[in-house]
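Working notes, beginning with the structure itself.
The values are calculated or read from the model by the stated rules, or taken from the named source; none is laboratory data. In this text the structure is predicted, and so the values were computed from the model without any measurement. So basically every Cβ, Gly included, is an ideal-geometry build from the backbone, and we count neighbours across all protein chains shown. With ligands, DNA and RNA removed, areas are computed over all heavy atoms of the protein, side chains included. Shrake-Rupley method; radii C 1.70, N 1.55, O 1.52, S 1.80 Å.
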Amino acid sequence: MLSTDTDVLKAAEDWRRAGKGVALATVIETWGSAPRAIGSHLIIDEDANFLGSVSGGCVEGSVITEALDVIADGRPRVLEFGVADETAWRVGLSCGGRIKIYVERVE
Amino acid sequence: MKLEMLSRLNGERAARRAAIIITDIQSGEQRLVGQDAIAQDPLAPLLDLHLTRGKSALVEHDGRQFFLTVQEPPLKVVIIGAVHISQALIPMMKQLDLSITVVDPRTAFATPDRFPDVSLLTMWPDAVLPSLGFDRYTALVALTHDPKIDDPAIITALRSQCFYIGALGSRKTHERRIERLTNAGFIEADLSRIRAPIGLDIGATSPAEIAVSILAEIVAAFRNERRGSA
């Protein structure tokens, strides 16, 4: 693969082994023009440090907030973002696309 | 995801093997399927399809939604020629996560000082290339424009399924190369796989600019092929 997404997965492993709580966010579905391809990863640790991306920076803040909850309770979540979303004024994709993101804890 | 599974996924990648993680979106259940276990999996046809496309995907099976995290082996590039362009290419290729091997039998060129932090083989291509495992995730970049060094490498690549073969040299140099390879028994369909003069035509002149044009051509060769099959 021509990407460094797998370096992100390696970092997720390293962070977890170092004893940090870690969440893995993955783009699982896109509609229209989406900034990052399906399969792109963002990882987040319990201190909100992050690596990788699931959009061009549009929704990362919101994903990080949700990821901290996932790290706390261990329940995977599916998040959806797009201009049609009611949260569009706060977070959304200026490109007009829509994306679905799966967030899970690294156990 | 269990740390053990993430660790296995990273391990498969380090070993240059394909792997897929299947996630049941409703239940969160997951399993990792290595390339050799695909045929035995209940989702085998879907796994095959998406591995060929080289893309992760959300799929449906028996009314359930599964996400397939598709991990292809890392792309490998074999550069023939420890030359100036190679020096410019290598740092750019590292940014793209490519595994790089440089082959050049000329000890004056192939020195660790000129090529730090990269696998550098001071050997003739015919001696070393068969052991490098040319597969559909491999690209050959031939940069010496010396037929004694480039030709055996190109011949190895033509006999493999590698996804990219680029060769430096003017159109005239390439005409003579085609002549030699035709005499060696290759037909037009084989020879059309060679991209020469190497690189996208962006008017590149400096070694770094030529490196950009080569790298862009490699990305295009890999991505367009998969886009076509999607």
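Brief remarks on what is shown
- Count - residues of segment B:31-55 that are at pLDDT 95 or above and of a type in the set (S, T, N, Q): 1
- Spans of strands (runs of 3 or more DSSP E) in segment A:18-82 with at least 1 residues open to solvent by 30 Å² or more (accessible area, probe 1.4 Å) and among the acidic types (D, E): A:22-31, A:77-82
- Of all the numbered requirements in (1) more than 11 Å from the chain's Cα centre (by Cα); (2) on the phi > 0 side of the Ramachandran plot; (3) within 14 Å of another protein chain (Cβ to nearest Cβ); (4) at pLDDT below 95, A:G52 misses one, and that requirement is (1).
- Candidates B:P42, B:P130, filtered to the one that is more than 14 Å from every other protein chain (Cβ to nearest Cβ), surrounded by fewer than 16 Cβ atoms within 10 Å (Cβ to Cβ) and in a helix (DSSP H, G or I): B:P130
- Candidates in segment B:53-82 are the residues that are more than 14 Å from chain A (Cβ to nearest Cβ) and out of contact with any Asp or Glu (no Cβ under 8 Å at 6 or more places or on another chain); of these, the one that is surrounded by the most Cβ atoms within 10 Å (Cβ to Cβ) is B:I79.
- Matching residues, segment B:153-180, being in a helix (DSSP H, G or I), open to solvent by less than 30 Å² (accessible area, probe 1.4 Å) and either of a type in the set (D, E, K, R) or touching a helix residue (DSSP H, G or I) at 6+ places or on another chain (Cβ under 6 Å) (or both): B:A153, B:L158, B:R177
- Of all the listed residues (B:I90, B:I100), the sole one being assigned by TED's automatic domain parsing to the domain that holds B:R223, part of a helix (DSSP H, G or I) and within 28 Å of B:R223 (Cβ to Cβ) is B:I90.
- Evaluation of B:N224 against (1) in contact with a Lys or Arg (Cβ under 9 Å, 6 or more places away or on another chain); (2) open to solvent by 50 Å² or more (accessible area, probe 1.4 Å); (3) within 14 Å of another protein chain (Cβ to nearest Cβ) (one fails), failing number: (1)
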